[in-house]
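Attaching a single structure in structure tokens format; questions to follow.
All of the numbers you see were taken from the coordinates with simple rules; none came from a lab. Small disclaimer: the values here were computed from a predicted structure and weren't measured. Backbone-built Cβ (ideal geometry, glycine too); neighbour counts: all protein chains shown.
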Protein chains: 2
Amino acid sequence: MTVKIITVGEDILGANEEKAKANKKRLDSHNILTINIMSSPGAGKTSLIMNTINHMKSKARIAVIEGDVASSVDADKINEMGIPVIQINTAGGCHLDANMVESGLNGLPLAETDLLLIENVGNLICPNAFALGEDLRVMIASLPEGDDKPIKYPAMFADTDVVLLNKIDLQPHLDFNMDAFTKTVTKLNPDVQLFPISCKSGEGLGAWFSWLESEVNSKKNK
Amino acid sequence: MTVKIITVGEDILGANEEKAKANKKRLDSHNILTINIMSSPGAGKTSLIMNTINHMKSKARIAVIEGDVASSVDADKINEMGIPVIQINTAGGCHLDANMVESGLNGLPLAETDLLLIENVGNLICPNAFALGEDLRVMIASLPEGDDKPIKYPAMFADTDVVLLNKIDLQPHLDFNMDAFTKTVTKLNPDVQLFPISCKSGEGLGAWFSWLESEVNSKKNK
């Protein structure tokens with residue numbers, strides 16, 4: 001199976017919100033739980049997706065949309081796992097938008113999908129402003145980025161449903177104040193689900209999988 | 001009546017280039033070496049600046065412009081070191097531009113400055129397209145982000161004068177392929193200066209300081 005690559009320019013005149021609503025309606029009609037995954041470059045979006053596929057593929061039919069400025073290295077990895085995947089190259093654009101995701105949906109087997117994972121472009125600022133049609137937003141923060149990231153990039157932390165705090169295996173080697181981080185995040189976003197995880201050691205992933213499985217099931221039965 | 005077409009991107013970038021040239025002329029008139037420091041969120045820009053101040057403050061008069069979406073936590077740290085600093089909050093903007101830097105210059109003692117360090121907003125995409133009036137671009141990559149970042153964000157690595165590869169103290173705990181990283185970076189940018197460093201342990205910083213000192217002196221004597 002070859003990876004499909006869609007190269008799109010940024011549609012600055014597009015009515016993103018309208019298009020996102022149309023995407024959501026289309027995804028709802030198939031009862032697909034759709035998750036928009038956002039983070040800084042290198043925080044662990046692809047590792048999370050690969051771990052999630054490994055755990056969930058016997059329980060749900062998964063599809064993936066990969067957003068990147070350039071390359072298809074992430075989509076290649078997902079493709080090797082036998083999962084339907086579309087790579088969107090933004091050609092310099094710093095976030096996905098609903099038009100790009102619509103193009104992605106056109107290339108995926110929606111009637112045979114329960115869970116759609118959308119990996120946004122690595123960026124803590126702009127992706128937040130562009131709805132894609134998702135049910136839930138998941139952002140990944142990682143310990144090496146430092147505990148002050150919620151103070152410096154508050155919008156992203158305030159508007160997400162889940163914060164996955166990745167790379168907790170590195171804690172002994174870093175000066176990361178977990179209490180300060182948690183306090184800032186929950187102040188910005190009192191209803192957030194916060195899961196400390198390590199995609200490398202597997203620590204903490206069980207809680208994330210349980211939560212996700214329950215969300216997939218509740219969307220299936222809607 | 002003909003329809004007016006405004007191509008926003010080109011217009012903004014064109015105006016920015018003009019303003020950046022004006023900033024450069026102003027900075028040149030004071031023989032100030034100006035460095036635009038760019039990276040992902042949390043790669044170590046502020047730590048690098050603080051280390052550089054500690055080493056260089058007896059040798060050069062330093063000033064700093066701090067760019068952030070929100071907060072003044074970085075500028076507060078620089079201020080505590082007794083260094084003239086201006087915080088620019090972009091209010092959601094994902095990069096500094098030449099207009100913002102002009103405002104910053106208006107608040108700094110340019111006649112008593114040899115080295116101006118500009119910390120851009122944490123973002124591996126957009127800052128690359130906006131010249132600020134700098135002499136040199138320095139980007140920081142960090143080991144926890146992974147060795148594939150130059151493949152996924154090529155423009156930033158291609159257009160910089162220096163790559164500082166930070167957090168090398170974490171190498172024993174990570175799967176980071178130094179050869180693969182170096183090979184991709186030098187292929188994108190054959191003339192780049194690449195310094196592996198740790199702002200935490202101090203390893204490798206000596207080479208960066210020597211290079212910077214020589215650049216400051218050569219600008220002073222122009």
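Which residue, A:87, B:84, B:217, has the largest displacement toward the positive end of the dipole of the protein assembly as shown when charges sit on each Cβ (Lys, Arg +1; Asp, Glu -1)?
A:87
Mind listing the phi-derived Karplus ³J(HN,Hα) values for segment B:176-192, rounded to whole Hz, using 6.51, -1.76 and 1.60 with θ = phi - 60°, and x for any glycine or proline?
With coefficients 6.51, -1.76 and 1.60, one gets 10, 8, 4, 5, 4, 4, 4, 4, 5, 5, 6, 6, 5, 8, x, 8, 5 Hz.
Using Cβ counts within 10 Å as a stand-in for footprinting exposure, how do B:71, B:39, B:201 rank, fewest first?
By the 10 Å Cβ count, ascending: B:201, B:71, B:39.
How long are the semi-axes of the equivalent ellipsoid of the protein assembly as shown, defined as square roots of 5 times the Cα gyration tensor eigenvalues? Whole Å, largest first.
Semi-axes from the Cα gyration tensor: 38, 25, 20 Å.
What is the ratio of the Cα radius of gyration of chain A to 2.2 N^0.38 Å, where N is its residue count, to two decimals?
That ratio works out to 0.96.
While we're on this one: May I ask you to evaluate 6.51 cos²θ - 1.76 cosθ + 1.60, the Karplus curve with θ = phi - 60°, for each residue of segment A:148-157 and list the ³J(HN,Hα) values in order in whole Hz, giving x for glycine and proline?
Karplus-based 3J(HN,Hα) across segment A:148-157 equals 8, 4, x, 6, 8, 10, x, 4, 4, 6 Hz.
Rounded to whole Hz and in sequence order, give me ³J(HN,Hα) for segment A:42-58 from the Karplus expression 6.51 cos²θ - 1.76 cosθ + 1.60, θ = phi - 60°, writing x for Gly and Pro.
Per-residue couplings from phi come out as x, 7, x, 4, 5, 4, 4, 4, 5, 4, 5, 4, 4, 7, 9, 5, 7 Hz.
Would you pull out the residues with amide H under 5 Å of residue B:142's amide H, same chain only if 5 or more places away, H placed 1.01 Å from N?
The list, which skips near neighbours in sequence, is B:166.
Are any of the pairs A:167/B:57; A:45/B:167; B:21/B:200; A:152/B:45 more than 25 Å apart by Cα-Cα distance, and if so, which?
A:167/B:57; B:21/B:200
In deg cm²/dmol, rounded to 500, what helix-only [θ] at 222 nm does chain B give when every DSSP H run of at least 4 residues adds -39500 (n - 2.57) and the total is split over its residues?
So the helix-based figure for chain B works out to -12000 deg cm²/dmol.
Still on this model: Work through the residues other than residue B:59 whose Cβ is under 11 Å from its Cβ and net out their charges, Lys, Arg +1 and Asp, Glu -1.
Here the count lands on +1.
Here is a further query. Report, in debye and to the nearest 20, how large the dipole of segment B:104-214 comes out about its Cα centre when Lys and Arg carry +1 and Asp and Glu carry -1 on their Cβ.
So the magnitude is around 320 debye.
Using a simple charge model, +1 on the beta-carbon of Lys and Arg, -1 on the beta-carbon of Asp and Glu, nothing else, what dipole does segment B:8-220 show about its Cα centre, in debye to the nearest 20?
Charge dipole of segment B:8-220: 360 debye, to the nearest 20.
Starting from the amide H of residue B:123, placed 1.01 Å from N in the peptide plane, find each other amide H under 5 Å away whose residue is 5 or more places distant or on another chain.
Amide H neighbours of residue B:123, under 5 Å, 5+ apart: B:39, B:40.
Continuing with the same structure: Can you put B:57, B:167 in order, fewest other beta carbons within 10 Å first?
Least to most surrounded, the residues fall as B:57, B:167.
Provide, in order from the shortest bin, the percent of all Cα-Cα pairs of segment A:139-201 in each 5 Å bin, continuing until the bin that contains the maximum pair distance.
Bins of 5 Å from zero give 4, 20, 33, 26, 12, 5, 0 percent of pairs.
List A:95, A:30 from most exposed to least, where exposure is judged by having the fewest other Cβ atoms within 10 Å.
Fewest to most other Cβ atoms nearby, the residues stand as A:30, A:95.
List the residues, sorted by chain then number, that are 5 or more residues from residue B:200 or on another chain and whose placed amide H is less than 5 Å from its amide H.
Hits under the 5 Å cutoff: B:167.
Also, quick follow-up: Of A:151, A:133, A:168, which is farthest towards the positive pole of segment A:131-170's charge dipole, taken about the Cα centre with +1 and -1 on the beta-carbons of Lys, Arg and Asp, Glu respectively?
A:151
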